[in-house]
Amino acid sequence: GRKGKGPGEFLHISVFEIDGNDNLITFDSRNMRITIFDNFGRVKLIKRSVEIVRKIERSKNGDFFIELINHGLVDPEGFSISKVYKYSSDFKNRILIDSVRYKTDIQITEPVPTNLPIPFSSNYIWTIDKNGNVLSGMSDQQVMTLRNNQGKIIGRKEYNIKKLKVNEEDKKAFLNSLGFYNGSSTQNGV
């Protein structure tokens, strides 16, 4: 590709994925479009988007799972709203699978009950399994949810971090490897 607004051209690729058939799936946030390329770099499909795409995955049967964030808007309170949709392979049909609202600009450095200081900002994570189910969770909660490809909850697992046992050697190794992003610098061993 090259810089530009035409088919196969880009201004800013913010998301890309390679599917099971070696197709390259991209989202260009300045051109606001999803483009699918075959293994030889030829454009197979272009889909315009009015919303910002945060993540794309494709299931074995060709359905797209796409996370859209904030309806293309910036929330003045610092919240993000992520919605995961399942799209048909031709993008003509979509089903809402999951929707979450979370604060993205909070850094938590409080020690958890294990006395390990674990810094993180709230983040929504998800993936699809081989059956097309969506496994999702939030980084500031100890809950994982499994939904089928229609959005129905079919499994849920809650983890209790209070029961985690950590020895001093593991704690020291963890602290030595820990990085904390602060502005433009990274400091190890917070």
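A few comments on the model shown:
- Accessible area (Å², 1.4 Å probe, nearest 10) - residue 129: 60
- Shape call, the range 3-91: gyration tensor on alpha carbons, a/c limit 1.5: oblate
- Computed from the Cβ-Cβ distance with R0 of 45 Å, the FRET efficiency linking residue 38 to residue 170 stands at 0.45.
- Computed FRET value (nearest 0.05) for residue 94 with residue 123, which takes r as the C-beta separation and R₀ as 25 Å: 0.60
- When you filter the chymotrypsin sites (Phe, Trp or Tyr not before Pro) in the range 1-78 for DSSP loop state and at most 15 other Cβ atoms inside 10 Å of their Cβ, you are left with 40.
- Annotation: amide H-H contacts under 5 Å for residue 55 (H modelled 1.01 Å from N, sequence separation of 5 or more, or interchain): 67.
- To the nearest 10, the accessible area of residue 130 is 150 Å² with a 1.4 Å probe.
- Potential extension, residue 9-residue 157 segment - 0.36 nm per residue separation minus Cα distance: 49.0 nm
- Net length gained if the chain between residue 45 and residue 77 were fully extended (0.36 nm per residue, minus Cα distance): 7.9 nm
- Taken per residue, the accessible surface of the range 2-66 reaches 58 Å², heavy atoms only and a 1.4 Å probe.
- Rolling a 1.4 Å probe over the protein chains gives residue 68 an accessible area of about 10 Å².
- Ligands, DNA and RNA left out, the accessible area of the range 1-69 computed with a 1.4 Å probe is 50% carbon and sulfur.
The values are calculated or read from the model by the stated rules, or taken from the named source; none is laboratory data. These figures come from a predicted structure and were not determined experimentally. No Cβ is skipped: glycine too gets one built from the backbone with ideal geometry, and neighbour counts run over all protein chains shown. Heads up: the accessible areas ignore ligands, DNA and RNA and are worked out on the full protein's heavy atoms, side chains in. Shrake-Rupley method; radii C 1.70, N 1.55, O 1.52, S 1.80 Å.
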